[in-house]
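All remarks here apply to the structure that follows.
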Amino acid sequence: MATLFQGVGAVTPFSASTSLHSNKLHLPPRKSLSLSESRGAIFVHRSDARLNLKPATPKQDLLIPNAIATKGDTSTPTKSGHELLLFEALREGLEEEMERDPRVCVMGEDVGHYGGSYKVTKGLAEKYGDLRVLDTPIAENSFTGMGIGAAMTGLRPIVEGMNMGFLLLAFNQISNNCGMLHYTSGGQFTIPIVIRGPGGVGRQLGAEHSQRLESYFQSIPGIQMVACSTPYNAKGLMKAAIRSENPVILFEHVLLYNLKERIPDEEYVLSLEEAEMVRPGEHVTILTYSRMRYHVMQAAKTLVNKGYDPEVIDIRSLKPFDLYTIGRSVKKTHRVLIVEECMRTGGIGASLTAAITENFHDYLDAPIVCLSSQDVPTPYAGTLEEWTVVQPAQIVTAVEQLCQ
Amino acid sequence: MPLSRIASSSHASNLLKPLSAALSLCRSISSDSTSTLTIETSLPFTSHKCDAPPRAVDTSASELFSFFRDMATMRRMEISADSLYKAKLIRGFCHLYDGQEAVAVGMEAAITKKDAIITAYRDHCTFVGRGGTLLEVFGELMGRTCGGSKGKGGSMHLYRKQASFYGGHGIVGAQIPLGCGLAFAQRYSKEENVTFTLYGDGAANQGQLFEALNMAALWDLPAILVCENNHYGMGTAEWRASKSPAYYKRGDYVPGLKVDGMDVLAVKQACKFAKEHALKNGPFILEMDTYRYHGHSMSDPGSTYRTRDEISGVRQERDPIERVRKLLLAHDIASEKELKDLEKQVRKDVDDAIAKAKESPMPDPSELFTHVYVKGLGAESFGADRKEVRATLP
């Protein structure tokens, strides 16, 4: 919700950040909470994105100041962690939450006996039964509605869309019921549902199966949207989404399911509203999410060789934007490049451009450049499909132009 | 007041003779207000893939009296809402339920507050039936903070969580999968409760109904789908919209029952029967043959697609309140004067509620941003002009 931060002018959601005008980035004034729960030692990286004017007094139990995950160093210092693929990380997060809370249930097409079309729910039906891991008929509109109805009573369903594009059929339920029931009932009902599924452009899947629904859902008031990109944040975001009282849409990407990474053994939950600093830098802020993060990092290697120092931020939270992290970065580098997989018109990048311009206009040395996919249905032919999405070479060129 | 009569009388025989559509007068009186009266429904039930329940309905004098009082309250409330709308105190959409009160009242008599009800936008009376107060209804209709949804929902968004009333939905048919989800949750938590999902003859043509029905039948969910067939989907008569207007049969493999929806006792019997069935065997369809006197909503006069004769004909012959009034008089449960006094009292209660609601304030501008999210994001939130309105999310 970029609208949250539109109080520009004298007043100050940013008075807190202006105090950080210097280069040092020690403890941000926002509160970082870490809780250790009774069940073993659990790290909870969570921060409420509070920009209150009153000075924050962070709880100092196990304080991790920023929920930073730098590539290759994601695991916590204590244990060595274990290696797994992204879909396994999602499954681990899901299973831990199902174990913890009997109200958590999964529903979707082929999630039960088949194990999930991307194996995210493999083995869960055998463990938890057919009612808790429910194979639905092919009826997105009604089973999403069913999940929302169940959520109204207190259950915590996770609705899986086999491909995000299929959830267009459930748009009415997601928009009108999921997003708005908490408001229209005056706060009586909460809808703690998680709607997740893979989207994005894959390997020649064709136009209808390569959709990026975050651009359509972003205006719905009342929902939160997050996009995961690494096994570490996939597991953390999945757990956070399940624990959240708000409806959360978790966007995964078809091509990222087989990414391997080492993640901590301890339990951890990430914050739904925070962005991730992938690579700190000085010259330009590159904002990205999901699969484009990897294209950006690839371009970053080339850029570093050419002498540039890009700061790469994986925004993770698509609604609301983490304008705090983004703002800090803009104030440092004064140049912004947005790289996204959404289409140019009405995509996440378009909203992010507007939000940054409205809030940080004075800090920009150059207009914001937004690289997005072309406004075309994704073609089948491999070469054409390559041209619809942003490639690393284009990112390099854009940075070079921006930094002139 | 009317019950004192019963206590003084000494007759104990019950009414058992079948009644034709017009009730005959001068039956014997039950000895006290809670002893069982058995009354026959005016029309038999028509069933699909199940046995019809018996026409003889067990009720009592006090129950009949409460039916009258509740329906009179609902009728008065809807008529007053009509006047308020014309006085521009209620804006937007206002869908009135007068004529259909028997469905709401009869259903309540057969179930508990733990059974869930979910309906579409014609929800004022269902809300009251679930325990909502008149003040909450009028407050919500006029957009005041005393309203059931604090003025933020409006006519189509009345909810009552503590009484398992899940609303109040504006999009035709979208509540049906939600109802299926409520039933799923009841099955998941192993509660012995059912969900009544109400929809209209217009919504009966929605695909999501059949999707939900399929799932409910597949997993034996305790869902009872109730089609309130008032024969008009806004301006389109049912024969022009549905190839098969036998909505109770449309479930195919799901058993169904067609009920005279203007007879509160028939509704009660059918809902009781459906609840027993659903707890054992899964989904059930009820078609309530009912009628609305007003148009679809306040912007629809209701007479362009049906004749005034038809409306007044139904009002004369099938009006649910008149039917109960005749029963009360026939069984000497109350006198004419007592019923008239009751109606006066109801009118006064409604007027009082309206007056009180009018005094209630409009929501504070900061309320614009509350309840969008449950857990506040902790950031400050500003109004459109960015300077004046400041709200801190909870």
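Averaged over B:147-156, how many beta carbons belonging to a partner chain fall within 10 Å of each residue's beta carbon?
3
Let me know the longest stretch in chain B that avoids all GluC sites (Glu not before Pro) found in a DSSP loop with at most 11 other C-beta atoms within 10 Å.
B:193-387
Chain B: Rg/Rh from Cα coordinates, Kirkwood Rh?
Radius of gyration relative to Kirkwood radius: 0.99.
Return the FRET efficiency for the residue pair B:SER35, B:ARG240: r is the Cβ-Cβ distance, R0 is 41 Å, and the value is rounded to the nearest 0.05.
With a Förster radius of 41 Å, E is 0.30.
Please compute the net charge surrounding B:GLY151, taking Lys and Arg as +1 and Asp and Glu as -1 over other residues with Cβ under 9 Å from its Cβ.
So the environment of B:GLY151 carries a net charge of +1.
Using a 7 Å offset from the Cα along the Cα-to-Cβ direction at both B:SER189 and B:SER83, what is the distance between the two label points in nm, to one decimal?
My value for the distance between the label points is 4.2 nm.
Under unit Cβ charges (Lys, Arg +1; Asp, Glu -1), what dipole magnitude, rounded to 20 debye, does the stretch B:3-391 have relative to its Cα centre?
So the dipole magnitude of the stretch B:3-391 works out to roughly 360 debye.
Convert each backbone phi in the stretch A:161-170 into a coupling constant with the Karplus relation 6.51 cos²θ - 1.76 cosθ + 1.60 (shift: θ = phi - 60°), then list the ³J(HN,Hα) values in order as whole Hz, x for Gly and Pro.
x, 4, 9, 3, x, 5, 6, 4, 5, 9
Please report, in debye to the nearest 20, how large the charge dipole of the stretch B:249-301 is about its Cα centre when each Lys and Arg carries +1 at its beta carbon and each Asp and Glu carries -1 there.
Its charge dipole is roughly 220 debye.
Run lengths n ≥ 4 of DSSP H only: what is the helix-derived mean residue ellipticity at 222 nm for chain B, with -39500 (n - 2.57) per run over all residues, to the nearest 500?
-12000 deg cm²/dmol
Would you please name the GluC sites (Glu not before Pro) within the stretch A:178-245 that are DSSP coil residues with at most 15 other C-beta atoms within 10 Å of their C-beta?
A:GLU208, A:GLU245
Under a GNM of chain B (C-alpha, springs under 10 Å), which listed residue has the highest mean-square fluctuation: B:ARG91, B:ARG325, B:ARG308?
Sorting by GNM fluctuation, first place goes to B:ARG308.
Calculate the spin-label point distance for B:LEU368 paired with B:ARG315, positioning each point 7 Å from the Cα along the beta-carbon direction, and give it in nanometres.
4.3 nm
Which Cα, out of B:ILE118, B:GLY147, B:LEU218, lies furthest along the positive dipole direction of the stretch B:3-391 (beta carbon charges, K/R +1, D/E -1)?
B:GLY147
Let me know the mean shielding of B:166-177 by other chains, meaning the per-residue number of their Cβ atoms within 10 Å of its Cβ.
5
Pick from B:PRO365, B:PRO44, B:PRO320: which residue has the top mean-square fluctuation in a GNM of chain B where Cα pairs under 10 Å get a spring?
Checking each option, the largest mean-square fluctuation is seen for B:PRO365.
Here are some pairs, B:LYS150/B:LYS190; A:LYS119/A:LYS260; A:LYS122/B:LYS280; B:LYS86/B:LYS356; which of them have Cα atoms lying more than 26 Å apart in this structure?
In this structure, B:LYS150/B:LYS190; A:LYS122/B:LYS280 lie more than 26 Å apart at Cα.
Quote the FRET efficiency, to the nearest 0.05, computed for A:LYS260 versus A:ASP110 with a Förster distance R0 of 22 Å and r equal to the Cβ-Cβ distance.
For R0 = 22 Å, the calculated efficiency reads 0.35.
Any idea of the total accessible area buried by the A-B contact, 1.4 Å probe, rounded to 100 Å²?
4600 Å²
Using the charge dipole of the stretch A:82-263 (Lys, Arg: +1 at Cβ; Asp, Glu: -1 at Cβ; taken about the Cα centre), state which of A:GLN224, A:PRO102, A:ALA207 has its Cα farthest towards the positive end.
The Cα lying farthest towards the positive end belongs to A:GLN224.
So what J values fall out for the stretch B:44-49 if you push phi through Karplus, 6.51 cos²θ - 1.76 cosθ + 1.60 with θ = phi - 60°, rounded to Hz, Gly and Pro as x?
Ordered by residue, 3J(HN,Hα) equals x, 7, 10, 10, 9, 6 Hz.
Compute, for the stretch A:259-364, the length of the dipole vector about the Cα centre, with Cβ point charges of +1 (Lys, Arg) and -1 (Asp, Glu) only. Units Debye, rounded to 20.
500 debye
Taking θ = phi - 60°, what integer Hz values does the Karplus form 6.51 cos²θ - 1.76 cosθ + 1.60 yield along the stretch B:65-76, in sequence order, with x for Gly and Pro?
Whole-Hz 3J(HN,Hα) from phi for the stretch B:65-76: 5, 5, 4, 4, 5, 5, 5, 5, 4, 5, 4, 4.
When the solvent-accessible surface of protein heavy atoms is calculated with a 1.4 angstrom probe, in what order do A:LYS235, B:LYS243, B:LYS49, A:LYS127 fall, highest first?
B:LYS243, B:LYS49, A:LYS127, A:LYS235
Ignore the peptide's own chain and count Cβ atoms of other chains within 10 Å of each Cβ in A:152-163; give me the average, rounded.
3
From largest accessible area down, sort B:MET362, A:MET297; use a 1.4 Å probe on the protein chains.
B:MET362, A:MET297
Net charge near B:GLU101, counting Lys/Arg +1 and Asp/Glu -1 over other residues with Cβ under 9 Å of its Cβ?
Net charge around B:GLU101: -2.
The values are calculated or read from the model by the stated rules, or taken from the named source; none is laboratory data. On a predicted model such as this, the values are computed, not experimentally measured, just so you know. FYI the Cβ positions are ideal-geometry reconstructions off the backbone, even for glycines, and counts take in every protein chain you see. Note: areas computed on protein heavy atoms with side chains; ligands, DNA, RNA excluded. Shrake-Rupley method; radii C 1.70, N 1.55, O 1.52, S 1.80 Å.
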